[in-house]
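The values are calculated or read from the model by the stated rules, or taken from the named source; none is laboratory data. These numbers were taken from a predicted model, which means no experiment stands behind them.
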Amino acid sequence: MGLEGANKASAPIVFNKFLSGIIGIITIVGAIWFIILLFSGAVGIMTAGSDKAAVESAKKKITNGLIGLGVLVAGIFILDLIGQILGLKFLLDPGSFISTFKLK
């Protein structure tokens, strides 16, 4: 990974960057999936014509996409809220928690 000669004190920073990158990638993938569902639902509505089942299926795609995007975004805020209530400020910053331990 290229960290063999790195200072042990920088481990929390590397871990924070890693987790932030993973959360960012998951958020981007979720947003792209929402856009795909939105366009798929919109095309489904436009091409459904008078077929009520196709319109309902397309509406369900759009609704599921909105719910998924809401859950994705709300999850980060809920995790932060739980951390604030319980006094666990390190939930979204695990590097600060890790740095309290002495690395030998």
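Screening E56 against (1) outside any loop (DSSP other than H, G, I, E, B); (2) at pLDDT below 95; (3) of a type in the set (D, E, K, R) leaves a single unmet condition, (2). The set of residues from region 3-36 being farther than 15 Å from L72 by Cα and hydrophobic (A, V, I, L, M, F, W, C) comprises L3, A6, A9, A11, I13, V14, F15, F18, L19, I36. How many residues are at pLDDT 70 or above, in a helix (DSSP H, G or I) and not hydrophobic (A, V, I, L, M, F, W, C) if we restrict to region 67-104? Count: 6.
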